[in-house]
1. Using the alpha-carbon atoms, what tilt in degrees (0 to 90, nearest 10) does helix A:81-92 show relative to the longest principal axis of chain A?
2. Report the one residue of B:PRO47, B:VAL81, B:LEU31 whose Cα lies farthest in the direction of the positive end of the charge dipole of the protein assembly as shown (charges on C-beta: Lys and Arg +1, Asp and Glu -1; origin at the Cα centre).
3. Return the calculated 222 nm mean residue ellipticity for chain B, to the nearest 500 deg cm²/dmol, obtained by summing -39500 (n - 2.57) across DSSP H runs with n ≥ 4 and dividing by the residue count.
4. Residues with amide H under 5 Å of B:ILE96's amide H, sequence separation 5 or more or different chain, H placed in the peptide plane at 1.01 Å from N; which?
5. Counting only heavy atoms of protein chains, what accessible area per residue, in Å², does the protein assembly as shown have with a probe of 1.4 Å?
6. With +1 assigned to the C-beta of every Lys and Arg and -1 to the C-beta of every Asp and Glu, and no other charges, what is the dipole magnitude of the range B:6-122 about the Cα centre in debye, to the nearest 20?
7. Every other copy gets compared here: list the nm distances from the A:ASP16 label point (7 Å along Cα to Cβ) to its counterparts, shortest first, one decimal.
8. Computing the accessible area with a 1.4 Å probe over protein heavy atoms, can you report the carbon and sulfur percentage for the range B:6-122?
There are 2 protein chains.
Amino acid sequence: MATEPKIILLAHGSSDRRWCETFEALAEPTLKAVPGAVVAYMELAEPSMEQVVAEAAAGGCRSFTVLPLFLAAGRHLRKDVPAMIADMEAAHGVEIELAPPVGENPELGLAIRDVVTQALARQPA
Amino acid sequence: MATEPKIILLAHGSSDRRWCETFEALAEPTLKAVPGAVVAYMELAEPSMEQVVAEAAAGGCRSFTVLPLFLAAGRHLRKDVPAMIADMEAAHGVEIELAPPVGENPELGLAIRDVVTQALARQPA
C-alpha cells in the first residue's frame, strides 16, 4: 500500500526539456527524503499533476498534498491550480491539500543569499 | 561612488502586489549581505530592470550583474532577458553579465528539501 497522503512536488513545466531537468535536480534531495514523493508539472511537461493524481487514485490513494516548487504565488497558484485541484477532487473522489509555495518559507531566502554571495565571490574582480 | 558591478536580483514580476512582496522578503537576506544590491522585475512590476540600469548608468555605473531569482531557465532567461540586456548595453554603453538562475545551484535543492520536510512535519497525521 502506498504512503498517504501522496506528496506531489508541483513545478510549472515547460516544453524545454532543460527546464524540467533543472526541477528534477532541484527536487532530488526532497525525493530522497520523502518516501513516495514525485515531481509533476502544472502544464507543458509530463507527468502532469492530473496524470499523477489519476494513477494514484486508481491505485486506491485518497489523499494528496501538493507542494509547489514555486518561489511565489501568482495567478497560477491562486487561481489555476486551485481550479485544477477542485476538478480532480470531484473527478476522482480524493482530497488534495495545496501547500504554500516553497519560496514563502524564509529558509529559501537564506539559501538564496548563500547562492548569490557564492556566485559573486567566483566572479573575476 | 556606487559599488561596481551593480547587482540586480531579477524577479519575474506580477501585477499582484503579493507576488512582489514574496520576492522582496526572499531577497531581504541577500540585500543585507550584498552592498548596493537591488531587486528589479522583468515585467509587470516596478522597478523594472530597465529602470534600474538606466538610473545607475546615468549615475556613472558601467558594469552590472543580473542574478535571476528564478528556479530554472526557460524562455524568459534564455531569450527575453538576454535580448533586453543586449538592448540596454547598446542604449547605455554598459556591460551586463547574466548569471545562472539561483535554482541551478544544488544548495537550493537542499533548502527545498528542508522546507518540504518541515511543512510535512507540521501537517496533522
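The values are calculated or read from the model by the stated rules, or taken from the named source; none is laboratory data. Bear in mind that the values here come from a model prediction, so they are computed numbers and not experimental data. Quick reminder, even Gly has a Cβ in these numbers, built from the backbone with ideal geometry, and neighbours come from all protein chains shown. These accessible areas exclude ligands, DNA and RNA; they are computed on the full protein's heavy atoms, side chains included. Shrake-Rupley method; radii C 1.70, N 1.55, O 1.52, S 1.80 Å.
1. Helix A:81-92 sits at roughly 30 degrees to that axis.
2. Of the options given, the answer is B:LEU31.
3. On the way: 4 runs with 56 residues, N = 125.
Estimated from H runs of four or more residues: -14500 deg cm²/dmol.
4. Result for B:ILE96 returns B:PHE64.
5. Values: 11840 Å² over 250 residues.
For the protein assembly as shown, the solvent-accessible area averages 47 Å² per residue.
6. Values: 10 positive and 16 negative charges, 63 e Å.
Around 300 debye, computed over the range B:6-122.
7. Those separations, rounded to one decimal, come out as 2.3 nm.
8. 54 percent
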